[in-house]
1. Taking only C-alpha pairs under 8 Å that are 6+ residues apart, what is the relative contact order of the chain in percent?
2. For residue 326, give me every one of the lysines with a C-alpha distance below 22 angstrom, ignoring sequence neighbours fewer than eight places off in its own chain.
3. Using DSSP to call loops (not H, G, I, E or B), can you name the GluC sites (Glu not before Pro) in segment 26-123 whose Cβ has at most 14 other Cβ atoms within 10 angstrom?
4. When we measure straight from the Cα of residue 249, which lysines land under 26 angstrom away, once same-chain ones fewer than 8 places off are left out?
5. To the nearest 10 square angstrom, how much accessible area does residue 142 have with a 1.4 angstrom probe?
6. Which residue, 319, 299, 134, has the most motion in a Gaussian network model of the chain that connects Cα atoms within less than 10 Å?
7. Can you give me the accessible area per residue for segment 104-293, using a 1.4 Å probe, in Å²?
8. Give me the net charge of residue 282's neighbourhood, meaning all other residues with Cβ under 11 Å from the Cβ of residue 282; Lys, Arg count +1, Asp, Glu -1.
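The values are calculated or read from the model by the stated rules, or taken from the named source; none is laboratory data. Everything quoted here is computed from the prediction, not taken from an experiment. For neighbour counting, all protein chains shown are included, and Cβ atoms are generated from backbone atoms with ideal geometry for every residue, glycine included. Heavy atoms of the whole protein, side chains included, go into the accessibility calculation; ligands, DNA and RNA do not. Shrake-Rupley method; radii C 1.70, N 1.55, O 1.52, S 1.80 Å.
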Amino acid sequence: MKLAVFSAKPYDKVYLAQAQAAAGLDVEAVYHDFPLNPETASLASGAIAVCVFVNDTLNKEVLASLHSLGVRAILLRCAGYNNVDLKTASDLGMFVANVPAYSPEAVAEFAVALVQTLNRNTHRAYNRVREANFALDGLLGRTLHGKTVGIIGTGKIGVAFARIMQGFGCELLAYDPFQNPEFEKYGKYTTLSDLLSRADVISLHCPLLPSTRHIINETTLGETKKGAMLVNTSRGGLIDTKAVIAALKKGQLGGLALDVYEHESKLFYNDHSGKIIEDDDLMRLTTFHNVLICGHQAFFTEEALGEIAGATFRNLADFVHARECKNALVESSQEKGAPLTMRARSDTIPIRI
Ligand code: NAD
């Protein structure tokens, strides 16, 4: 049995190999360091399953191509699945499973690190001190204690972020169409408009869906408190980049911290340092002193990589043994030869589209 792993970095191979050994599955894992897309799908030939990450493409064309090659299972090494056409996967009878909860604290802690870095300018201080410049001009921050933090999306990561920010002594507001009693231990739910108008720091933790694409746009940016800081560790498509650039230029936004970017799939996870970057919006963003950008690394801890790899092989084992899989987004009933059906889980998105 062959498993084709796409977008596989050296660290992925280490953790996946350990998880494979622990799972005891007789699988030949073939690693490709490039992403899955219409041009590379043919390299899954002979595989029963593909293992993919956030910037792999699993649209209708790719899924049809994989299916024609004999691929029957899609294993996502991530929580978000905005890059998979679940309807087509279901129509084709393909099993799809994600890793819904791997260390939400890893992402929440990174969001806090971005807030702290941008607010207190420690990234700029680091560079100055290396050049023996100990001047403080330009490094002025604001005390977080007593500030209002607005959280958009209070699932696993949003709540973990709320828990930490409460420790700073912040007042917490949240917007989520599906309210989570866990969040109410830390703050209050309100409308999106009210949150935007009151928050000093706005952090995005909702998934990318048709309904949330560009949730931060010219109109919603116009509702923000002047000088607010916006943090996005969720998905790049939540923000209309051109609108955010305009808001930064006007001073409507006082800071922007991104771990994800709308057009990241062409750039992130690879070294482009010797190349010309053609994305003018991304390059414009890098010129602002109050913008901090990272390359989709919020998940990147030893613990999270271990959990992702372990859950990926447990999902594969469930598929192989035709067992019910708790992480299935599109479920299989192989033993009966029945068509696969899309399962609406309370903690997943299809139910909410
Ligand atoms: P989750 O499913 O536990 O929570 C998502 C929450 O968003 C849910 O409570 C849902 O009701 C809410 N939501 C849905 N539509 C909304 C809307 N229109 N407005 C506000 N809230 C809405 O997911 P999670 O585990 O907390 O992850 C959140 C997101 O973080 C994922 O979808 C993924 O895109 C992103 N993520 C990023 C990284 C990274 O490395 N940067 C790692 C993991 C996850």
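1. Numbers: 663 pairs, mean separation 61.2, N = 353.
Worked out over the chain, it gives 17 percent.
2. Of all the lysines, those that pass the test against residue 326 - Cα under 22 Å, at least 8 places apart if same chain - are 87, 156, 336.
3. Working: sites: 28, 39, 61, 105, 109; in loops: 39.
Answer in residue order: 39.
4. Leaving aside lysines fewer than 8 places away in the same chain, those within reach of residue 249 are 147, 225, 226, 266.
5. It works out to around 120 Å².
6. Per the Cα network of the chain with a 10 Å cutoff, 134 tops the list.
7. Working: 9290 Å² over 190 residues.
Per-residue value: 49 Å².
8. Details: positive: 266, 284; negative: 262, 264, 278, 279, 280, 281.
After counting each charged neighbour, the total is -4.
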